[in-house]
Structure formats: structure tokens, C-alpha cells
Amino acid sequence: MDAAEFRKRGKEMVDYVADYLEKIDKRQVFPDVEPGYLRPLIPDCAPQDPESFEDVFKDIEKIIMPGVTHWHSPYFFAYFPAASSFPALLADMLCGGIGCVGFSWASSPACTELETVMLDWLGKMINLPEEFLAGKDGHGGGVIQGSASEATLISLLAARTKTIKRVQLENPELTEADIMGRLVAYASDQAHSSVERAALIGAVKIKNVPSDDTFSVCGSALKKVLDEDKASGLIPFFFCATLGTTSCCSFDKLLELGPICNKENIWMHIDAAYAGSAFICPEFRHLLNGVEFADSFNFNPHKWLLVNFDCSAMWVKKRSDLTGAFKLEPLYLQHHHQESGLVTDYRHWQIPLGRRFRSLKLWFVLRMYGVTGLQEHIRKHVRLSHQFEHLVLQDERFEICAEVILGLVCFRLKGSNELNKALLKSINEAKKIHLVPCHLREKFVLRFAICSRTVESTHVKFAWQHISQLATHLLKTWEQNHHQQ
């Protein structure tokens, strides 16, 4: 394909994507395929000779689309939002076109410097304390990671290195292996599984701190676990606080937890993957109070801030904590500006060496929506979640299972877990809307997350009517079966 054909085909692809997104509500939200559906549809081997773009293009609808779960459909209410917008898609196209691999300042100065400035912009939008910003000569700063899971792992590994160095200074007779065997990380029993996975990769113990009636971790619960572990000779070194848990969007009590972590020399990382975007709205900013005690903080603009995947924003108070853990300087990666103090080499802030020009997406979206446009997007989703909550509360067969704070409603039929599993099965088998469940203590709960950029009140009403009708049908058959038994 030469440049002339690229121009022609590029326009066709933009039209196809625009049509796809404009008419996505006409597509069934969840696919009808069975595992292994794709293999029989394509040859066993790559073609020996080139095929035309037309051949490839016509196979999109034939082979790919039948197996796509349409995350951007206004009938998709599962997981959390996956952000997308036309400015972000255009920026991603430019990122692919430039095609730099921005591991150091020298490998692409614009790639590095725009990221530093964009993370400062974003930090100011959520009113992050000054220490987290790079500014002109700050000690902190932000970096774009691929996902919140990566940010948690990076912070845990940095905390591990920092703690080992500190303990060895205090006890020179201890080997690294001695200390590693005693290190313990902590997170809420509601925390995302990626925190446990980070500990697994980091080869350290991890313990769950029990959450309270609102599914939040409070200071006394953390202190109790820490006291027990220190008495057993263990070394607490890392706590991951969650703002907006995956199951029910609960918030750990930072103002209680932060001072304990600071006093005990424990690195506090805050995972606000979904909820963090809401902090650009002044009315939700109080949910971040206590961030001043944290060592690192992360949220995903690629969830709720109209920047498509992957774009996970992470800030640290002391960038030297990260670079101290990951810095290696082979000759082929060195450049003559690196010791100037004016440049950031992001390869020292992350797990992979290479990185894409992801800050372009932030730059396009922040400029083309403005803070007010993004605030309106968040507020609309929150309004729609309260609309759904209101509909649920009007039906005495159902109950709300956790406080509705942002764009997630946890609800269920009053009754057994089996009944609710049957309801979810009938919802997802009908394929008119898509939901996923969670467990809150012993209860099987349905999650209704406002996800799509294009979702409106009519889609929420439709979803509720659909759920309500399926519940009516299910309860009737459930009672009949119960009487027969």
C-alpha cells in the first residue's frame, strides 16, 4: 500500500468507524458466538501472496464483528466504562503515524515533554497537592501507564526496594532475602484482584484488611492487622487504598489510613481507577481528601474521561522512589542531556522499555472538550445512575445493596443468590443489555454501570423495563417450581 492508497483507504476506514459508532445501538450488545467460532472462518496459515485491502475489509463484518462485545453500545452496562471519543481516536491515529518509541527524552523529546505537562494539567484538574506535580523543578510528577494494574505493581515494587534499603541501613546484618521473607503488603478485602497479583509478581505476602458495613477500610481495621503482624516479626511496607472499588464503588477512609501509613513507614498507593475521573467535579473532590498522605496515586482517564484505552495516569510524590527501583543505564540508551536535570526518561518509571505517544490523546481530549465538557459528561452519568437507582427503589421486589455515589448501582431481587443468578442469566441470554455480577459479603449482586458516551435516559428506562419484565417472568416460574416441589 502506497501513500495514495493509504489516503483513500484511510478515509474509508474513518467512515466505517464513524458509522459503527453512530449506529452501534442497532447491533446486539453481546455476541452470539461459541468459543472457537473464529478458527474455521479463516485459513490455517498466512497467505503466501498479498491480498487486496477489499478482501481484508469485507472480512471485518464477516469474521470480526460477529465476535465483538460492543463496549460502546448504550445498552452495555457491564464492568466500568471504556472511554472513547472522536478526538481521542484521531490522536491515536496520529500516535500510530508518528510511530515513535518514547523510552527516553532523546528518543522523542515531544513524546516525553507533552506527557509531563499533560499529567500536570490533569493533576491540577483534580486539585492534586503540589508535591505530585512535576512543575519546573518539582520532585514528583506523573506518568502514563498502560493500566491501573501496572501502576499498582510499579508502586509495590518501588516500595519494596525502598523498604529493603531502609531496613538494611538499620540492620546491616540482614540480607535482602531475610527482609523479603518478612515483607507484607495490605489492601481492602474489596480491592481489585490486580493488587493481589502485584504481590504475587513482587514475591511478597499480602493480607486483606476487613472492610466495614459500607465496604470501606477504616484506620482501626488497618492498625489492628499491622499491630498483629509487627508482633510476629513481619515488616509491613505497602498499603493499597481503593477509591471506588470494582464491586460496589466504595471508598476507603484515606484521612484515617494516611497518617497510620506515614507513621509506620508504609508506602500508601491510591487506586482510583474508575472514580478518579469524577474528582474533576468540585462536588466529588472531597472523596480524594487524604491524598496528601499518599506516596503514589492512580486513575484511568481511559475509563471515564473520554480518552480511549490505554491511558492510566499515575503520580508519585518522589520520582526518585521509582527511578531508584528501576534505573539501568546501558550505553545504547544514554544521551548527553540525561544528567541535565531538565529531562525525564520514562523508561525508569515503568515496566516495559518502550512506550507509545499516549499523551497526544490527553492533549486532544482536554483541549477539545475543556474541563467543563468533561465535567458535564461525568455529571450526566451520575444523574443516570441515580435515575436507575430511583426506578429500582420504586419496585418492592428489589433492593439496593450499596450506596450509589457515582455511576454504579448494585441491586438484586430480594431472595436467594440462586434467584439472582437466574435473573442475570436471563438478562445476558436475552442479549438486549449486558451486565456482570459481584459478591458483596455473602450476597450475589447485579452491577448496573453507566458506561457508554452516548447513553441517554431512554436507554436506562429501557434497561429497567427489560429487567423488570424478566424478573416478573422468572418469579412466576420460580413460584410454580417451588409449589410443584
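Once region 191-236 is narrowed to residues that are acidic (Asp, Glu) and either touching a residue at least 60 places away in the same chain (Cβ under 8 Å) or under 26 Å from Glu442 (Cβ atoms) (or both), the residue that is most open to solvent (accessible area, probe 1.4 Å) is Asp213. Looking at region 144-188, which of its residues are touching a strand residue (DSSP E or B) at 6+ places or on another chain (Cβ under 6 Å), in contact (Cβ under 8 Å) with a residue 60 or more places away in the chain and open to solvent by 40 Å² or more (accessible area, probe 1.4 Å)? Listed by number, the list is empty, since nothing qualifies. Check Gly354, Gly341 and return the single one that is modelled with pLDDT under 95, in contact with a Phe, Trp or Tyr (Cβ under 6 Å, 6 or more places away or on another chain) and surrounded by fewer than 13 Cβ atoms within 10 Å (Cβ to Cβ). Answer to the check: Gly354.
Of the numbered criteria (1) crowded, with 22+ Cβ neighbours inside 10 Å; (2) over 20 Å from the mean Cα position of the chain (by Cα); (3) not polar (S, T, N, Q), the one Phe239 fails is (2).
The single condition from (1) closer than 28 Å to Gly370 by Cβ; (2) touching a residue at least 24 places away in the same chain (Cβ under 8 Å); (3) part of a helix (DSSP H, G or I) that Gly97 fails is (2). Filtered by the rule that a residue be assigned to a helix (DSSP H, G or I) and either under 28 Å from the mean Cα position of the chain (by Cα) or surrounded by fewer than 12 Cβ atoms within 10 Å (Cβ to Cβ) (or both), region 17-47 gives Val17, Ala18, Asp19, Tyr20, Leu21, Glu22, Ile24, Asp25, Lys26, Arg39, Pro40. Only one entry of Gly138, Gly96, Gly142 meets the criterion of being more than 19 Å from the chain's Cα centre (by Cα) and closer than 21 Å to Val365 by Cα, and that entry is Gly96.
Residues of region 86-125 that are closer than 30 Å to Asn428 by Cβ and touching a helix residue (DSSP H, G or I) at 6+ places or on another chain (Cβ under 6 Å): Ala88 alone. Only a single item in (1) open to solvent by less than 40 Å² (accessible area, probe 1.4 Å); (2) modelled with pLDDT under 95; (3) over 20 Å from the mean Cα position of the chain (by Cα) is not met by Cys438, and it is number (3). Candidates are the residues of region 305-325 that are touching a Lys or Arg at 6+ places or on another chain (Cβ under 8 Å) and in a helix (DSSP H, G or I); the one that is modelled with the highest pLDDT is Asp321.
Take the residues in region 283-304 that are assigned to a loop (DSSP other than H, G, I, E, B) and touching a strand residue (DSSP E or B) at 6+ places or on another chain (Cβ under 7 Å); name whichever of them is most open to solvent (accessible area, probe 1.4 Å). Of everything passing the filter in region 283-304, Asp295 is most open to solvent (accessible area, probe 1.4 Å). Modelled with pLDDT under 95 and either open to solvent by 30 Å² or more (accessible area, probe 1.4 Å) or touching a Leu at 6+ places or on another chain (Cβ under 9 Å) (or both): is that true of Leu393 in this structure? For Leu393, the condition - modelled with pLDDT under 95 and either open to solvent by 30 Å² or more (accessible area, probe 1.4 Å) or touching a Leu at 6+ places or on another chain (Cβ under 9 Å) (or both) - is not met.
The residues on offer are Leu470, Leu408, Leu413, and the sole one that is open to solvent by less than 20 Å² (accessible area, probe 1.4 Å), outside the structural domain of Gly276 (by the TED database) and either farther than 24 Å from Ala273 by Cα or free of Cβ contacts under 8 Å to residues at least 24 places away in the same chain (or both) is Leu413. Under 30 Å from Ala449 (Cβ atoms) and open to solvent by 60 Å² or more (accessible area, probe 1.4 Å) - does that describe any residue in region 51-61? Yes, region 51-61 contains a residue that is under 30 Å from Ala449 (Cβ atoms) and open to solvent by 60 Å² or more (accessible area, probe 1.4 Å).
A search for C-beta distances below 6 Å between a residue of region 285-303 that is at pLDDT 95 or above and any residue that is of a type in the set (Lys, Arg), counting only pairs 6+ apart in sequence or on different chains, returns Asp295/Lys317.
The set of residues in region 107-128 that are crowded, with 16+ Cβ neighbours inside 10 Å and not in a helix (DSSP H, G or I) comprises Ser107, Ser108, Ile126, Leu128. Does Leu254 satisfy being surrounded by fewer than 23 Cβ atoms within 10 Å (Cβ to Cβ), within 25 Å of Lys162 (Cα to Cα) and assigned by the TED database to the domain that holds Asn289? So Leu254 fails the test.
Restricting the first member to region 305-318 and to residues that are under 18 Å from Ile280 (Cα atoms) and in the same structural domain as His269 (by the TED database), and the second to residues that are in a loop (DSSP other than H, G, I, E, B) and among the basic types (Lys, Arg), the beta-carbon pairs closer than 6 Å and six or more apart or on different chains are Cys311/Arg358.
The values are calculated or read from the model by the stated rules, or taken from the named source; none is laboratory data. The shown structure was predicted, so the numbers you read here are calculated from the model rather than taken from an experiment. For neighbour counting, all protein chains shown are included, and Cβ atoms are generated from backbone atoms with ideal geometry for every residue, glycine included. Calculation scope for accessible area: heavy atoms of the full protein, side chains included, ligands and nucleic acids excluded. Shrake-Rupley method; radii C 1.70, N 1.55, O 1.52, S 1.80 Å.
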